[in-house]
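The values are calculated or read from the model by the stated rules, or taken from the named source; none is laboratory data. Values in this document were obtained by computation on a predicted structure and should not be read as measured data. Positions of Cβ are backbone-derived with ideal geometry, glycine not excepted, and every protein chain shown enters the neighbour counts.
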Amino acid sequence: MAKKLIGDPIDRIDGDLKVTGRARYSADMKRPDMVYGVLVMSSIGNGRIRSFDTAETLKMPGVLTVMSYGNAPKVAGINKNKPSEVATDRVMSLFQDNKVHYNNQPIAMVIADTFEHAVDGAARVKVTYESQKPKPPLPAGRNNTFTPERLPRYDDQVDTKRGNLKAGLSGASTKVTETYTTPTQTHNALEPHALIAYWEGEKLTMYNATQGVSGVQKRISELFGMPKENVRVIAQFVGGGFGSKGATWSHVMLAPMAAKLVGKPVKLVLMREHMFGMVGWRSSTVQKMVVGTKKDGEFTALSHDTISQTSAFDEFAEPAGTISRMMYASPNMESTHRLIRANIGTPSAMRAPGEAPGVFALESVVDEVAYAINMDPIALRLKNYAETDPHKNLPFSSKSLRECYQQGAERFGWAKRTPEPRSMREGNELIGMGMASSIYPVNRAESTALVRIKPDGKVQVETGTQDIGTGTYTVMTQVAADVLGLSPDDVTLSAGDTRFPESTTSGGSRTTASTGSAVTQAAQAVLKQAKQLAYKDKRSPLFNVAEAEIVAENGRLQTKSDPRQGETFVSLLKRNGSKPLEAKMLSKSADEKDNYSLNAFGSIFAEVRIDEALGRIRVSRMIGTFAAGRILNAKTARSQILGGMIWGVSMALLEDTLIDPRTGRVMNPNLAEYHVPVNADIEEIDGFFIEEKDETVNPAGVKGIGEIGVVGSVSAIANAVYHATGKRIRDLPITLEKVLDYR
Amino acid sequence: MEYTNHKNYIIDGAGRRWFLKQSSALVGMLALPPLIGQAGTAPASSVPPGLPMKRAITLRINRKAYRIEVEPRETLLDVLRERLDLIGSKKGCDHGQCGACTVHIDGRTANACLLLAVMQQDRDITTIEGLAPSPDRLHPLQTAFVEHDGLQCGFCTPGQIMSGVAVLREGHAGSTAQIKEWMSGNICRCGAYSGIVDAIEAVQKGGRQV
Ligand code: FES
Ligand code: FES
């Protein structure tokens, strides 16, 4: 058997289960006696519930009860249900009071024997309210902001200052000041949020669609005021998350509360329209950018001021300015983050939170500067290339952005572009070419993994991570196989369950860096044990051979100098009592973050074609080139990148959650009117990785790739639209009516 | 829950184990020959007035007949998923907007969330579970999806594959643009579109009858 190497494009290990429909997602689980919950949502944007009339509902066959304020079980740890510094701990609506903070807030749950009975019952609950005028979301209220407590990532400052912005601007020959706005976006993972919760005495089990089984376990146990060990969370397969399944939202508490109330397992699957508000969304933003530059393109000043919105009862600030702080070597830089409060569900992290809207603004304004001083946009970026991180004042652990620009430009054929707007066309269509930089910080969190070499020479990896579609399950087997010199076929992974060692939430592109590092370290530790065993074993061909001299290859331990001197794990373990070897490792960042700035970089080139008469915009071609450390699986990695770039197309051209400012109600809470790309929206698209060896960044040598694809894509498309039409659209999404009046 | 590169699925988790037992009993009970002429007789029951009466129906799904009692308002998708444990068809929207629930009815694609189960008698229903020729072999498009990574989270995948098979059978896989157009009733929020198109093209080029 040909050994599969790290980086090889091996098929997903869960591929067969997914293509045959045998993969069981949370809503596919069943329990004896299971009943169905359906939520009743508020229909006002602000106020209180005066009364529920549930008489008709309760008379219906199959309806067990209506859980709402009044009969909902009391939540022992309710004092923990408040704004927190943990970005995934959001304030939930748990029917403990009668307040309504936003339209489409869960206010009651009907529980019945069948789904149909529960839906019908929910439709018949009558609610009377005391209604107040809701506070509207952005752009209203942008002159009445406040400073947030914090940004979601604990080490990001809210406001920053470097040098002297005023002085920098007065030294500039050209100054560009523009405001960019982005809409509220809703994650809309295809799998609805879902869980099945049941109690066995004091023990709670939940099959839950989540990006973090451990995070949910912790949050739920603290809210119920019970030991963590009593809560088991299982997420075997997750149908996408994109941030929305990273936090523990109301329904994750409501289902076990209902299960307690009726004494039966409760299945709660959110309806698509319920997921516009109660499970987070990306805040809309208003971002003011100022750039001062010399004639030769050198930036003398840069500022980035962001306003985003939060709910009336919790606080989440979209960290849009963080990349502008460090992307370019401007000596003078200021950034601020402000919030407004509105009667909406609390915003949250959505794929590339902060980076996606923030880099749209940054890379758009840089393009505007390039036109203002008549300079090639790549040359301008190279002129201001940050050799070290100007914000943290640290060297980069590695940065191959120059190569990304260069290779991207070559692949795309940037040289063929004539810079003048409206200068390229074919038939009815104006052609535009745009580019932008992409970047995503490397995040890493504590994770634990156990690696066991079994007497049969096979390896078992246990870690409580989950695969949200990224390929985590597949690459974890590759990581262990790589360290132990085996084929991934010899590695079995146990994951998606809090029974296994605690691993991080899959968000912030951190799983491979975190859990991958834990698996690497545990595999290294168990390998060391095997080497030591051989060293001490008189009958081993490796008796008395120093550890450093032994390598693991092809399922064997052998000496570096002579591959024939050695033996298999099987024979070594057989002679030594046929007992497995195992090691469990907790992996966390050392001081790499104090000494280096850790980031993945990339470039995006996009071509758009716009029908001059109709304004129809197509992204006809898109090329992403990324440098993200070691790539563990070329196949799944490429899919991650392309998926991210498609999110870029989506954000640039399609997505917009329309909230009626008078009522706070979402006007398009469904997949027909909330637009995401379909197959025909995506034309030629490709993604490439530049080889980058970075041994500083973490033991696995990887940088996250889940989000970087989105980041630069939005502005590359916006810049291409400008090049095509001569019209700068600073308000996303770029829809045809916005480009139509370009003449 | 365990995953291996052997593509073994080791059954674990209390719920799963319980349901396996339960569902094999279910299938034993229900795998009857189609009861032609008997279907659709409403059983006497004590449903209060104004509420839908249950009806006994027979559904032919994946070459098997299932006799069940359903309320007229139950959708085919809910019957498949909640009553028959055919959970391969997914519910992404319940409104005919996403394609995750795509099945074949008499050889044509349909959104199971938009169909009432009571109206599907005497039709041949194929779900993703019935696509492969045998339990240990995959349909060529299933193989191609894995090979070309036409999936990420996998939630849209059963629907994509059911649509993809229809696109191939109906002769709409003549060009990339045509495939993209005909596959646009199935949303993939993960953005696995290139892999999906590659997989369909590979099968089309392979020239095998699907
Ligand atoms: S669930 Fe049927 S189309 Fe979405
Ligand atoms: S693979 Fe996740 S929605 Fe298509």
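Summary table
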{"item": "Selected residue (criterion: farthest from the other protein chains (Cβ to nearest Cβ)) from residues of segment A:232-271 that are of a type in the set (Val, Ile, Thr) and buried (at least 22 other Cβ atoms within 10 Å of the Cβ)", "result": "A:Thr248"}
{"item": "Within segment A:9-35, tally of residues that are in contact with a Phe, Trp or Tyr (Cβ under 9 Å, 6 or more places away or on another chain) and within 17 Å of B:Ala132 (Cβ to Cβ)", "result": "8"}
{"item": "B:Gln142, sole failed condition from (1) more than 16 Å from ligand 1 (Cβ to nearest atom); (2) surrounded by fewer than 20 Cβ atoms within 10 Å (Cβ to Cβ)", "result": "(2)"}
{"item": "Residue in segment A:84-95 that is over 23 Å from A:Pro227 (Cβ atoms), surrounded by fewer than 17 Cβ atoms within 10 Å (Cβ to Cβ) and at pLDDT 95 or above present", "result": "no"}
{"item": "Number of positions in segment A:641-686 that are at the interface with chain B (Cβ under 8 Å from one of its Cβ atoms) and either farther than 20 Å from A:Asn719 by Cβ or of a type in the set (A, V, I, L, M, F, W, C) (or both)", "result": "14"}
{"item": "So A:Lys59, is it of a type in the set (Lys, Arg) and under 29 Å from the mean Cα position of the chain (by Cα)", "result": "no"}
{"item": "Sole residue being touching a Leu at 6+ places or on another chain (Cβ under 6 Å), assigned to a helix (DSSP H, G or I), within 10 Å of chain A (Cβ to nearest Cβ) and away from ligand 2 (no atom under 16 Å from the Cβ), chosen from B:Glu129, B:Glu82", "result": "B:Glu129"}
{"item": "Members of segment B:94-107 found to be more than 12 Å from ligand 2 (Cβ to nearest atom) and either farther than 15 Å from B:Arg60 by Cα or assigned to a loop (DSSP other than H, G, I, E, B) (or both), listed by number", "result": "B:Asp94, B:His95, B:Gly96, B:Gln97, B:Cys101, B:Thr102, B:Asp106, B:Gly107"}
{"item": "Which listed residue, of A:Gly726, A:Gly687, is of a type in the set (Gly, Ala, Ser) and within 24 Å of the chain's Cα centre (by Cα)", "result": "A:Gly687"}
{"item": "In segment A:65-99, the residues that are in a loop (DSSP other than H, G, I, E, B) and polar (S, T, N, Q)", "result": "A:Asn71, A:Asn81, A:Ser84, A:Thr88, A:Ser93, A:Gln96, A:Asn98"}
{"item": "Odd one out for A:Lys727, checked against (1) buried (at least 24 other Cβ atoms within 10 Å of the Cβ); (2) closer than 30 Å to A:Gly615 by Cβ", "result": "(1)"}
{"item": "Filtered residues of segment B:132-163 (kept if outside any loop (DSSP other than H, G, I, E, B), at the interface with chain A (Cβ under 9 Å from one of its Cβ atoms) and away from ligand 2 (no atom under 16 Å from the Cβ))", "result": "B:Thr143"}
{"item": "Scan of segment B:89-109 for residues that are within 16 Å of ligand 1 (Cβ to nearest atom) and either farther than 18 Å from B:Arg123 by Cβ or without any contact (Cβ under 8 Å) to a residue 24 or more places away in the chain (or both), ordered by number", "result": "B:Lys90, B:Lys91, B:Gly92, B:Cys93, B:Asp94, B:His95, B:Gly96, B:Gln97, B:Cys98, B:Gly99, B:Ala100, B:Ile105"}
{"item": "Tally of residues being surrounded by fewer than 24 Cβ atoms within 10 Å (Cβ to Cβ), at negative phi and more than 14 Å from chain B (Cβ to nearest Cβ) across segment A:600-630", "result": "6"}
{"item": "Within segment A:568-634, strands (runs of 3 or more DSSP E) holding 3 or more residues that are more than 30 Å from A:Leu736 (Cα to Cα)", "result": "A:581-587, A:599-611"}
{"item": "Hits in segment A:9-36 - residues which are part of a loop (DSSP other than H, G, I, E, B), at the interface with chain B (Cβ under 7 Å from one of its Cβ atoms) and among the hydrophobic types (A, V, I, L, M, F, W, C)", "result": "A:Ile13, A:Ala23, A:Met29"}
{"item": "Matching residues in segment B:77-101 - criterion: being under 23 Å from A:His274 (Cβ atoms) and under 10 Å from the mean Cα position of the chain (by Cα)", "result": "B:Leu77, B:Leu80, B:Arg81, B:Ile87, B:Ser89, B:Lys90, B:Ala100, B:Cys101"}
